[in-house]
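The values are calculated or read from the model by the stated rules, or taken from the named source; none is laboratory data. Fair warning: this is a prediction, and the values are worked out from it, not measured in the lab. All Cβ positions, even for glycine, are placed from backbone atoms using ideal geometry, and neighbour counts span all protein chains on display. Please note that ligands, DNA and RNA were not included when accessible areas were found on the heavy atoms of the full protein model with its side chains. Shrake-Rupley method; radii C 1.70, N 1.55, O 1.52, S 1.80 Å.
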Amino acid sequence: MATYKVLCTTREVLCNWMREFHVPSLFLAEQVKELHKKTLRLVCNTKKEYYLKMVQEANSHNIWTYRKWTLNKRTYTSPLITRGINTTPAVTHEDKCETLWEHLFPEPLTLPNQPEINLEPNELEPVYHSTMKHETRDAIYTAAQLNTPGILGLTGRAWRWAWNVLEEEIFHLIRLCTDLGYHPKMWRSAIAVAIQKPNRDYSNPRSYRLIQLLEVLGKTLERIQARRLSYMAAKHNLFPSTQYSGILGRSAQDAVMTIIHDIEAAWNHNRVVTMLTFNITGFFDSIPHTHLINTLRDLRIPLLIV
């Protein structure tokens, strides 16, 4: 505090000198520069001492309040969002959320003559094995430590700490959910955050993408089932040879190399190559669940995984 007062006084003297004599004082300017550096060092050291003291005094009661350090207090007002022709735009926060929900989460299409979901056990399907403890641990430790938390406000690092104390309880909770084929509704509830796409007209709802913040335990359960599903598909050759995404050992580089190979092979036979690509908007969100479940059942995927 004393250094700050001296700095202000020196600056005031320097300004008065310039105002009266119209000649810069090199001595006073050097003094202001040194005091400015000294003030910055003092502020940095004070902040460092404060945060070190807070960390040393952390306990199980106040450690969750430290999460507020990462919160951004800046707010940005989004523009009006159009709803359509001859319709008033969305102005309030509630209206904007509803508009984005209607455009980015449309109702699934109802297909005519949908078949009934096949949930009957099949004797030819592989034997289902209960979830192992190492699977649960790997799924929890694979999650990002400092991810943006979901509704409960617990990050991946918090669940790592919880695993060290409640290992058996967390394991049996995940095991029972997988053995019963049950996904708790709380774990499927998410916070949707609207992110602006770069260089777009932000009055258009399609200029936003929604990032869903799920619970870590829900993603743990999904990660376990996804790994098992991927293993079964690879073991029983359920993937087509042209499928590269979401498969261990395959990547976008393999897809590019395959395309290059086909192009060069056609050129070697003096042929012309034409490639047609598709980008289907909302493809995965609009897949009929009935057909998806029945397809998995036809491929003899265990019912508890489906």
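Along the Cα→Cβ direction, 7 angstrom out, place labels at LYS185 and ARG157. What is the inter-label distance in nm?
It is 3.4 nm.
Taking the 0 to 90 degree range and rounding to the nearest ten, how far is the long axis of helix 216-235 tilted relative to the main principal axis of the chain, both from C-alpha atoms?
So the helix axis and the longest Cα principal axis differ by about 40 degrees.
State to the nearest 20 debye the size of the charge dipole of the range 107-252 about its Cα centre, where the only charges are +1 on K and R beta carbons and -1 on D and E beta carbons.
760 debye
Please give, to one decimal in nm, the separation of the simple spin-label points placed at ASP254 and THR88, each 7 Å out from Cα toward the Cβ.
5.5 nm
So what's the back-of-envelope 222 nm ellipticity for the chain, counting only DSSP H runs of four-plus at -39500 (n - 2.57) apiece and dividing by all residues, rounded to 500?
Using -39500 (n - 2.57) per qualifying helix, the result is -16000 deg cm²/dmol.
Can you give the angle from 0 to 90° between the axis of helix 133-142 and the longest principal axis of the chain, with both taken from C-alpha atoms, to the nearest 10?
Long axis of 133-142 versus the principal axis of the chain: about 40 degrees.
For the range 116-171, what is the charge dipole size about the Cα centre, in debye to the nearest 20, if Lys and Arg each add +1 at the Cβ and Asp and Glu each add -1 at the Cβ?
That gives the range 116-171 a dipole magnitude of about 580 debye.
Using per-residue counts of other Cβ atoms within 10 Å, averaged over each peptide, order 154-166, 220-232 from highest down.
220-232, 154-166
How many Å³ per residue does the convex hull of the Cα positions in the range 187-306 occupy? Walk me through the intermediate numbers first.
Details: hull volume 22.9 nm³, N = 120.
Residue-normalised Cα hull volume stands at 191 Å³.
How large is the Kirkwood hydrodynamic radius of the chain, counting all unique pairs of alpha carbons, in Å?
About 26.4 Å for the chain.
How big is the gap, in Å, between the Cα center of the range 238-299 and the Cα center of the range 70-148?
Taking the Cα centre of each part, the range 238-299 and the range 70-148 sit 24 Å apart.
Need one number: nm distance between label points at LEU104 and LYS235, each 7 Å from Cα along Cα→Cβ, rounded to one decimal.
Taking the two extended label points, one gets 3.9 nm.
Give, as ranges by residue number, the residues of the range 156-185 whose backbone N falls under 16 Å from the point 7 Å along Cα→Cβ of LYS68.
none
In whole percent, what relative contact order does the range 158-253 give with Cα contacts below 8 Å and a gap of six or more residues?
RCO, the range 158-253: 21 percent.
Which order do ASP95, ASP298 take by accessible area at a 1.4 Å probe, largest first?
Accessible-area ranking of ASP95, ASP298, largest first: ASP298, ASP95.
For the range 112-199, what does the relative contact order come out to in percent, with C-alpha contacts under 8 Å and a separation of six or more?
The normalised contact order for the range 112-199 reaches 28 percent.
Compute the label zone of SER245 within the range 272-287: residues whose backbone N is under 17 Å from the point 7 Å along Cα-to-Cβ.
Answer for this model: 276-287.
Kindly report, to the nearest 10 Å², the accessible surface of ARG206 as traced by a 1.4 Å probe over protein heavy atoms only.
Accessible area, nearest 10 Å²: 120 Å².
Return a whole-number percent for the relative contact order of the chain, with Cα pairs under 8 Å and 6 or more residues apart as the contact set.
19 percent
What number comes out for accessible area per residue over the range 81-233 if the probe is 1.4 Å? Units Å², please.
About 65 Å² of surface per residue is accessible.
When the accessible area of the chain is computed with all protein chains present and a 1.4 Å probe, what percentage of it is carbon and sulfur?
Carbon and sulfur together cover 59 percent of it.
Let me spell out the model: positive unit charges on the Cβ of Lys and Arg, negative unit charges on the Cβ of Asp and Glu, origin at the Cα centre of the range 50-119. What dipole size does that give, in debye rounded to 20?
660 debye
With a 1.4 Å probe and every protein chain left in place, tell me how much accessible area GLU120 has, in Å² to the nearest 10.
About 130 Å², ignoring ligands and nucleic acids.
So if each residue of separation counts as 0.36 nm, and I subtract the Cα-Cα distance between SER286 and VAL43, what length gain in nm does that give?
Working it through step by step, the gained length comes to 82.0 nm.
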